[in-house]
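S.K.: If you scroll down you'll find the structure; I have some questions about it.
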Protein chains: 2
Amino acid sequence: MFSEDPDKVSSMTTTSPQGRTELLRPDGSPVRVLVVDDELSITELLSMALRYEGWQIRSAGDGTGALQTARDFRPDAVVLDMMLPDMDGLTVLGRLRRDLPDVPVLFLTAKDAVEDRIAGLTAGGDDYVTKPFSLEEVVARLRGLIRRSGAADRRSDSVLVVGDLMLDEDSHEVSRGGDNIHLTATEFELLRFLMRNPRRVLSKAQILDRVWSYDFGGQANVVELYISYLRRKIDAGREPMIHTRRGAGYLIKPAAS
Amino acid sequence: MFSEDPDKVSSMTTTSPQGRTELLRPDGSPVRVLVVDDELSITELLSMALRYEGWQIRSAGDGTGALQTARDFRPDAVVLDMMLPDMDGLTVLGRLRRDLPDVPVLFLTAKDAVEDRIAGLTAGGDDYVTKPFSLEEVVARLRGLIRRSGAADRRSDSVLVVGDLMLDEDSHEVSRGGDNIHLTATEFELLRFLMRNPRRVLSKAQILDRVWSYDFGGQANVVELYISYLRRKIDAGREPMIHTRRGAGYLIKPAAS
DNA sequence: CTGGAACCTGTGATTTTTCTGAGAAACACA
DNA sequence: TGTGTTTCTCAGAAAAATCACAGGTTCCAG
């Protein structure tokens, strides 16, 4: 039970109860993320999703609270809404950087926000997503930021592999058995979600909640539709990797199994 | 685990988490740059961008602070605004040179600054850029200065190569498959940014933030436009190297892939 | 065997995103 | 100052992606 499994002792990653691989900090402690947004529904949504990644989350509802929390929480990354009640996002950023010069920031901006205030945001390696966002998108961007900032180990694995299926999160390239496959943005996100949870059944509700943005009000059968698209591109003519669990959901697993 | 990997110990460059090649000092420590400008927004923007290059940054808001910081920080390069509140840029330069005779300086000057004041600035191997600048420009010039000063190793790699596409940062020459290609300044910067991040999807926001100057307030579709110009010159009739990732951005990669 | 539930997928309307032509403005240089 | 180049805006064309709808198929319980 407590055998000296060298992989377990020295590795910088661990496998979550859900079977996914987590990012960890070099000292083995969980990654810390500070979430700042004035809408409680947003901070709660994000906190839940990010905790599920195995990260340690704190949240704040305004700039003042954010700066305070940042000081003693010392997060490895910050999710920062640009529109806060008490101060401008850029002001928060500036002060944040005084205490934590290297912390990467993921900005949240309204879709229709004037473009000019986004200028320069990604200059320092930071990134942003527009509201309404999908959780997979936020998680993926955060993982990218954290990986690149060097706050976590497991640096170079921007590639997900399941069987002979390969997905590169940097180049957005997907291939199966060496053949390149072109996916649309939504197809890509769906496949990424499946591949981050191999051999696990994901319900349509879960998929909808993670891959589509939180304000999606459409028909529930988009998931079926997109699964069908993916199959056409990925399983076409080959041993299928995407499987239906009737009444439960879908799962992906290596073909030979 | 701690084996003597000769490559690791003696190499003068490393590959950043981003996959790009960094400049390092001969002893393997990060390059140090001092940024001097009285506008906080400028020092912050530059600090962010230069930190992202893997460099170690200090900043100062006036000449006095600059000289003080320079003394114990001993930077490998200095970015110096010519217009400081307490003293003239040339005065700062003179005193700076007393402590650090060989440090290369990148001057920042207002666009409308009288030409004759700039005259001679670059005589000693220094360089300058006019405000408003683009980050790619500043980074490129700094890399050039540092490379040429001998403060960092990896001297001769002023040439970026992706597939049969070649870009020389010193001569500003570009060729594909041996054919010389003439690019305008903006086209050149865009291509350089793409080539410094091969096989990685770069969003339009990232491109805008790095390649256009920080005060650019125009339409986001200049990026599309310039991508289209580049394609006409680089991919014309050939196997395309510049690819669109709809909804994500653009990337460059070798044709055969 | 049969009916209903769950799932799959073709079609096409709608929306979003990207591309590009034309020309105005800014600039560089002789 | 004039000319050619470069940069950029605007607007419409083209392409691609997203999604609703609906008819068809598969599965399973009874």
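S.K.: Does A:Asp170 qualify as being touching a helix residue (DSSP H, G or I) at 6+ places or on another chain (Cβ under 9 Å) and either under 30 Å from A:Leu80 (Cβ atoms) or touching a residue at least 12 places away in the same chain (Cβ under 8 Å) (or both)?
M.R.: Judged against the criteria, A:Asp170 is a match.
S.K.: May I pose another question? Among the candidates A:Asp179, A:Asp215, A:Asp170, A:Asp209, which residue alone is under 19 Å from A:Val138 (Cα atoms), in the same structural domain as A:Ala236 (by TED's automatic domain parsing), over 14 Å from the mean Cα position of the chain (by Cα) and of a type in the set (Asp, Glu)?
M.R.: Sole residue among the options that is under 19 Å from A:Val138 (Cα atoms), in the same structural domain as A:Ala236 (by TED's automatic domain parsing), over 14 Å from the mean Cα position of the chain (by Cα) and of a type in the set (Asp, Glu): A:Asp215.
S.K.: Name the single residue that is nearest to B:Ala151 (Cα to Cα) among those in region B:49-97 being over 24 Å from the mean Cα position of the chain (by Cα) and basic (Lys, Arg).
M.R.: Per the criteria, the residue is B:Arg71.
Okay, residues lined up against (1) within 22 Å of A:Arg148 (Cβ to Cβ); (2) at pLDDT 95 or above:
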{"site": "B:Arg148", "(1), (2)": "no, no"}
{"site": "B:Arg155", "(1), (2)": "no, no"}
{"site": "B:Met166", "(1), (2)": "no, yes"}
{"site": "B:Leu191", "(1), (2)": "no, yes"}
{"site": "B:Pro198", "(1), (2)": "yes, yes"}
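S.K.: With respect to the numbered conditions (1) more than 12 Å from DNA strand C (Cβ to nearest atom); (2) more than 9 Å from chain A (Cβ to nearest Cβ), which one is the sole condition not fulfilled by B:Arg199?
M.R.: Here B:Arg199 meets the rest and fails (2).
S.K.: A follow-up question, please. State all residues of region B:202-213 that are away from DNA strand D (no atom under 12 Å from the Cβ) and either surrounded by fewer than 20 Cβ atoms within 10 Å (Cβ to Cβ) or of a type in the set (Ser, Thr, Tyr) (or both); if no residue qualifies, say none.
M.R.: B:Ser203, B:Lys204
S.K.: Could you list all residues from region A:55-81 that are in contact (Cβ under 8 Å) with a residue 40 or more places away in the chain and assigned to a loop (DSSP other than H, G, I, E, B)?
M.R.: Residues satisfying the conditions are A:Arg74, A:Pro75, A:Asp76.
S.K.: Say whether the condition of being within 16 Å of DNA strand C (Cβ to nearest atom) and either of a type in the set (Phe, Trp, Tyr) or under 23 Å from B:Phe107 (Cα atoms) (or both) is met by at least one residue in region B:135-145.
M.R.: Yes, region B:135-145 contains a residue that is within 16 Å of DNA strand C (Cβ to nearest atom) and either of a type in the set (Phe, Trp, Tyr) or under 23 Å from B:Phe107 (Cα atoms) (or both).
S.K.: Report, ordered by the first and then the second residue, all pairs with beta carbons closer than 6 Å, sequence separation of six or more or different chains, a first member in region A:206-225 that is charged (D, E, K, R), and a second member that is assigned to a helix (DSSP H, G or I).
M.R.: A:Arg210/A:Leu135; A:Arg210/A:Glu136; A:Arg210/A:Phe193
S.K.: Considering only residues of region A:214-229 that are among the hydrophobic types (A, V, I, L, M, F, W, C) and crowded, with 16+ Cβ neighbours inside 10 Å, which is farthest from A:Thr130 (Cα to Cα)?
M.R.: The qualifying residue farthest from A:Thr130 (Cα to Cα) is A:Ile227.
S.K.: Search region B:30-43 for residues being crowded, with 20+ Cβ neighbours inside 10 Å and not hydroxyl-bearing (Ser, Thr, Tyr), and hand back the single one that is nearest to A:Leu121 (Cα to Cα).
M.R.: Per the stated criteria, the residue is B:Ile42.
S.K.: Residue check: is A:Arg176 modelled with pLDDT of 90 or more, within 10 Å of chain B (Cβ to nearest Cβ) and either touching a Lys or Arg at 6+ places or on another chain (Cβ under 7 Å) or crowded, with 20+ Cβ neighbours inside 10 Å (or both)?
M.R.: It is false that A:Arg176 is modelled with pLDDT of 90 or more, within 10 Å of chain B (Cβ to nearest Cβ) and either touching a Lys or Arg at 6+ places or on another chain (Cβ under 7 Å) or crowded, with 20+ Cβ neighbours inside 10 Å (or both).
S.K.: Suppose we keep only residues that are polar (S, T, N, Q) and near DNA strand D (Cβ under 9 Å from one of its atoms) within region A:220-257. Which one would you say is farthest from A:Leu191 (Cα to Cα)?
M.R.: Only one residue fits best here, namely A:Asn221.
S.K.: Then there is this: A:Arg148 fails exactly one of the following numbered conditions: (1) crowded, with 20+ Cβ neighbours inside 10 Å; (2) within 16 Å of DNA strand D (Cβ to nearest atom); (3) charged (D, E, K, R). What is the number of that condition?
M.R.: (2)
S.K.: Now for a different question. Which one is nearest to DNA strand C (Cβ to nearest atom), of the residues in region B:216-257 that are more than 8 Å from chain A (Cβ to nearest Cβ) and among the charged types (D, E, K, R)?
M.R.: Within region B:216-257, the match that is nearest to DNA strand C (Cβ to nearest atom) is B:Glu224.
S.K.: Report, by residue number, each residue of region B:233-257 that is at positive phi and surrounded by 14 or more Cβ atoms within 10 Å (Cβ to Cβ).
M.R.: Once the filter is applied, which keeps residues that are at positive phi and surrounded by 14 or more Cβ atoms within 10 Å (Cβ to Cβ), region B:233-257 yields only B:Gly249.
S.K.: Which condition breaks for B:Leu46 when tested against (1) within 27 Å of A:Asp126 (Cβ to Cβ); (2) more than 13 Å from chain A (Cβ to nearest Cβ); (3) surrounded by 18 or more Cβ atoms within 10 Å (Cβ to Cβ)?
M.R.: (2)
S.K.: Related question: Does A:Pro104 satisfy the condition of being closer than 16 Å to A:Ile146 by Cα, crowded, with 20+ Cβ neighbours inside 10 Å and within 14 Å of chain B (Cβ to nearest Cβ)?
M.R.: Taking the combined requirement at face value, the residue satisfies it.
The values are calculated or read from the model by the stated rules, or taken from the named source; none is laboratory data. Just so you know, these numbers come straight off a predicted model, no measurement behind them. Here Cβ is always computed from backbone atoms with ideal geometry, including for glycine, and neighbour counts include all displayed protein chains.
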